[in-house]
Amino acid sequence: MLSVNRRANDVRTLVADWRSSGHTVGFIPTMGALHEGHGSLIRASLDQCDRTLVSIFVNPLQFDRDEDLATYPVDSRADQNFVADLGAHALFLPSVEEMYPSKQLTLVTQSELTDHLDGAARPGFFDGILTVVLKLFHMVNPDIAFFGQKDYQQVAVVRRMVEDLNMTIKIHAMPTERESNGLALSSRNRLLAKTSRSDAPKLFKCLNELRSRFRDGETEVRALVAPIRKTLAAIPDARIDYISVVDGQSLQLRTDRVQVGDVVAIAVFLGEIRLIDNIILSDHPWKS
Ligand code: AMP
């Protein structure tokens, strides 16, 4: 039976009970509108941990546009069924008041890894994410927290926060789940207009083509990026936020030649909806 909790104190008690019975605890923080991408993280936790707790919280602290927050899809009944059907043990559904009972004066800020990509494109975004993730980690106290590589920069900054702040939580990153046409699953996909929906798979197609050209020997950043910039710019209603190649570890921009292990990350608005995706420049066709 899925235990549904709205209070941090109830979650603390539940997890303390699990721990006193010797169980390990896996945690998947989400913003809801759950799909198979979230499902893969929940399954990984069920495989690796004795108990699995999923949180759903649309975190106002990480939205820079009120409109984006207001339109973020919410479907708590479907989400609850989704989590229960997978066999997870508990759900944490805090309200904004529960997470932020008073004005949040303390923020977690990280430098360097947030210099580029979404860190540059969305001011305050990672302060909001790191602050809420740290709060959730304190409330849930998990052994392992599961994140998706679709949000490559997010996993990197969370990992670094855990290291920098001497936390003992393990961070596991899972591969991006995609539709058969390559489109990365995202809660935002359901907000796409019909034409944007059919254009959206071009994002991954472009990334894949770029990687093929890299595997064929092209290493110059501009030569790799120019064709995909052209293709994406040609989509009516599309606006490129960024197309960047970064070092997979430091997330610093590559401006000259790419190397194995670099990451190509893109953010594109299709109409009003902002989609992100990325690909790792591995040199082996069977590695993603
Ligand atoms: P969100 O609800 O969008 O905040 O995502 C919650 C977690 O699910 C994050 O760690 C995401 O990276 C992960 N996630 C979202 N979409 C996917 C996907 N298509 N494949 C794998 N993980 C995903």
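The values are calculated or read from the model by the stated rules, or taken from the named source; none is laboratory data. All of these numbers come straight from a predicted model, not from anything done at the bench. When we count neighbours, we look across all protein chains shown, and the Cβ atoms used for this are built from the backbone with ideal geometry, even at glycine.
A few comments on the model shown:
- The set of residues in region 222-249 that are surrounded by 13 or more Cβ atoms within 10 Å (Cβ to Cβ) and under 27 Å from Gln110 (Cα atoms) comprises Ile240, Asp241, Tyr242, Ile243, Ser244, Val245, Val246, Asp247, Gly248.
- Residue ID - nearest to the ligand (Cβ to nearest atom), chosen from residues in region 58-79 that are at pLDDT below 95 and closer than 15 Å to Leu2 by Cβ: Ser76
- For region 138-159, filtering for residues that are within 15 Å of the ligand (Cβ to nearest atom) and free of Cβ contacts under 8 Å to residues at least 60 places away in the same chain leaves 5.
- If you filter region 17-33 down to residues that are hydrophobic (A, V, I, L, M, F, W, C) and crowded, with 23+ Cβ neighbours inside 10 Å, you find that the one that is farthest from the ligand (Cβ to nearest atom) is Val25.
- Scope region 78-98; condition part of a loop (DSSP other than H, G, I, E, B) and out of contact with any strand residue (DSSP E or B) (no Cβ under 6 Å at 6 or more places or on another chain); matching residues: Gly87, Pro94, Ser95
A quick yes/no check of all residues on (1) in contact (Cβ under 8 Å) with a residue 12 or more places away in the chain; (2) farther than 21 Å from Ser180 by Cβ; (3) of a type in the set (Gly, Ala, Ser):
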| site | (1), (2), (3) |
| --- | --- |
| Pro201 | yes, no, no |
| Glu209 | yes, no, no |
| Asp216 | no, yes, no |
| Arg222 | no, yes, no |
| Ala234 | no, yes, yes |
| Gln249 | yes, yes, no |
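- Members of region 147-173 found to be under 10 Å from the mean Cα position of the chain (by Cα) and in a strand (DSSP E or B), listed by number: Phe147, Gly148, Ala173
A quick yes/no check of all residues on (1) farther than 21 Å from Tyr72 by Cα; (2) assigned by TED's automatic domain parsing to the domain that holds Glu112; (3) of a type in the set (A, V, I, L, M); (4) surrounded by fewer than 16 Cβ atoms within 10 Å (Cβ to Cβ):
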| position | (1), (2), (3), (4) |
| --- | --- |
| Leu192 | no, no, yes, no |
| Lys202 | yes, no, no, no |
| Glu220 | yes, no, no, yes |
| Leu270 | no, no, yes, no |
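- Restricting attention to region 94-132, the residues that are crowded, with 18+ Cβ neighbours inside 10 Å and more than 19 Å from Val263 (Cβ to Cβ) add up to 8.
- Leading residue by the ranking (nearest to the ligand (Cβ to nearest atom)) among those in region 34-57 that are in a strand (DSSP E or B) and more than 20 Å from Glu98 (Cβ to Cβ): Thr52
- Taken over region 99-116, residues that are under 13 Å from Asn59 (Cβ atoms) and in a loop (DSSP other than H, G, I, E, B) amount to 4.
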